[in-house]
Amino acid sequence: MATPSLLLLVADGRFPAGAHAHSGGLEAAVAAGRVTDLASLEAFLAGRLATAGLVGAAFAAAAHRAAVPGITDADEAAGSAGVAESAGSARRPDALARSAARSRTLAQLDVELDARTAAPTLRTVSRRQGRALLRAGRAIWPDAPFGDLPASPGGAHQPLVLGLLCAAAGLSRLDTATVAAYGTVTGAASAGVRLLGLDPYQVQALLVGLADACDGTAAEAARAADDPPERLPAAAAPLADIHAEIHATWEVRLFAS
Amino acid sequence: MRALARLVARADGRGGTVLVELHGETPLLLRQTPTDGGVATVHLVGGAAGPLAGDDLRLEIEVGPGAAVRVHTVAASIALPGRPGAVSRMAVSAVVHAGATLHWLPEQLVAAAGCAHLAESRVAVAAGASLRWRDELICGRYGEAPGGAVVHTQVDYGGRPLLRQSLAVGPRAPGWAGPAVLGGASATGSLLVVDPSRPAEPATVDGTVARLPLAGGPATLWTATAPDAHTLRAHLTG
């Protein structure tokens, strides 16, 4: 079981996964003149939470589900069918079957998340953030099943790594979805302070106002994780794709995305 | 109102396409129009107003190996409110077999004030088949805020996920008009082109139109926002 401190540690912007280097599309939205003040930042955060936030949280929750099988996990049931629970000698094949089932699910989640990420820049960013998070996860929880992540050249998608990492920390599925949803708004909010010179107290008050929506998004994502991967949320935001590809063409930028 | 329409096309073996099944029910009526160079062309004619909340409309399209079909609609469809609490649904499912081509190029969907509409597309494209699939959404009639509309698109290529997106607008979609989603644009849409013969192209952006190469197959998605339907269409010609 996770302690409250572990939840705080994993959700903390200071967790060494490079989250501070990303603005979640805000830098391009500011440059386009679409986000100029607190009110437009709030609308940006609300829209981001309902789209990228929901999708990322659902995939993190689904990866967590693959790592921490519940009694409803059909794959797991099939994988361990016929293996006597008490037989010590059966442990190893059981673990192998579990690992194989987990690899299959994670590979499926990986291609499903690709299909939800139309902009190639956003796919690259997600995999790069996944790599950074994986370095931290492997160093902190060396026994976690990160080896079951698909071996994609660019790295595994960030939400998949986050799901396994939160499972390793002992967090619940809902906590995992909350960490993911929370990260999508707090990163962009603190980027807003830097990009627009906004009053940090006012921006923090904005986040407090979004806390219910963040919890609601996490709860929806955690519930959705019981659906098959193709049915997971696919909330789209045309401007997120457009902003990401504009941002990628800049030679000088404050944030990596 | 419930309706099911079905279109099945087969290659005739002489470079042309025959429609072996073309069946509609009001308000989904299918009409074959003059063929264009071996491509069977069908227009979907709205036989009633709507869709109205409570309507459940389904269109099934199957394009057999080597056949080519182009589907248009004669006019924009306007999602309107109906029974309180009810949702209107238009579900299009299409199967495009090997060597076949499907062009789905309907007019816009307009989400009128107070509507509750779900537009669902599920497309299975065999490896080596081609597809052009356009979706355009206009948020409200002139000077009007839209009701709730969700445009969900799910496309597989060669049995692998190619595109999954679900765009939600209206009062129950937080931030939809804001700078993270549509940025105040009242028109938005996408054109998906699956074409195994076309070389992969890098992503580009021009204003509020992006060309995005997809990960799951030889496919490109044009995605755009625009102030009006006319400008949007000009962006989505591929």
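The values are calculated or read from the model by the stated rules, or taken from the named source; none is laboratory data. Just so it is clear, the model here is predicted, and its values are computed rather than measured. For neighbour counting, all protein chains shown are included, and Cβ atoms are generated from backbone atoms with ideal geometry for every residue, glycine included. For the accessible areas, the whole protein counts, side chains as well, though only heavy atoms, and no ligand, DNA or RNA atoms are used. Shrake-Rupley method; radii C 1.70, N 1.55, O 1.52, S 1.80 Å.
Before moving on, here are some points about what is shown:
- Multiplying each eigenvalue of the alpha-carbon gyration tensor of the stretch B:1-86 by 5 and taking the square root yields semi-axes of 30, 12, 8 Å, largest first, rounded to whole angstroms.
- From its DSSP helices (H runs of at least four residues, each -39,500 (n - 2.57)), chain B gives a residue-normalised ellipticity at 222 nm of -500 deg cm²/dmol.
- Only one residue of A:214, A:171, A:151 has its Cα farthest out toward the positive end of the dipole of the protein assembly as shown, where Lys and Arg carry +1 and Asp and Glu -1 on Cβ, and that residue is A:151.
- Viscosity 0.890 mPa s, temperature 25 °C, Stokes-Einstein D of the stretch B:2-180 from Kirkwood C-alpha radius, µm²/s: 146
- Spin-label model distance (nm) - residue B:74 vs residue B:39, 7 Å beyond Cα toward Cβ: 2.1
- Computed over the protein assembly as shown, the Cα gyration tensor eigenvalues convert (square root of 5λ each) into semi-axes of 38, 29, 21 Å, ordered from largest to smallest.
- Annotation: for a label point projected 7 angstrom from Cα along Cα→Cβ of residue A:99, residues of the stretch A:146-168 with backbone N closer than 19 Å are A:146-152, A:156, A:161, A:164-165, A:167-168.
- Rounded FRET efficiency, nearest 0.05, which uses the C-beta distance separating residue B:31 from residue B:145 and R0 of 25 Å: 0.15
- Modelled this way, with points 7 Å down the Cα-to-C-beta line, the labels at residue B:4 and residue A:37 are 5.5 nm from one another.
- Taking every DSSP bridge with both residues inside the protein assembly as shown, close to 45 percent are antiparallel.
- Seen from a random direction on average, the alpha-carbon convex hull of the stretch A:4-249 projects onto 13.2 square nanometres.
- Entry comment: accessible area of chain A is 44 Å² per residue, from protein heavy atoms only and a probe of 1.4 Å.
- In this Cβ point-charge picture (+1 for Lys and Arg, -1 for Asp and Glu), the stretch A:154-231 has a dipole of about 200 debye about its Cα centre.
- Helix-only [θ]222 nm of chain A, DSSP H runs n ≥ 4, -39500 (n - 2.57) each, per residue, nearest 500: -21000 deg cm²/dmol
- Signed unit charges on C-beta, dipole axis of chain B, positive-most listed residue B:161, B:178, B:45: B:161
- Simple point charges give the picture: +1 on the Cβ of Lys and Arg, -1 on the Cβ of Asp and Glu, and for chain B a dipole about the Cα centre of about 200 debye.
- Summing Cβ point charges (Lys, Arg +1; Asp, Glu -1) relative to the Cα centre of the stretch A:4-249 gives a dipole of roughly 660 debye.
- For the stretch B:91-238, the calculated P(r) over all alpha carbon pairs, in 5 Å bins from 0 to the bin holding the longest distance, is 2, 10, 19, 22, 20, 14, 8, 4, 1 percent.
- Peptide B:180-192 shows a mean partner chain C-beta count of 5 within 10 Å per residue C-beta.
- Projected label points at residue B:231 and residue B:21, each 7 Å from Cα along the beta carbon direction, are separated by 4.3 nanometres.
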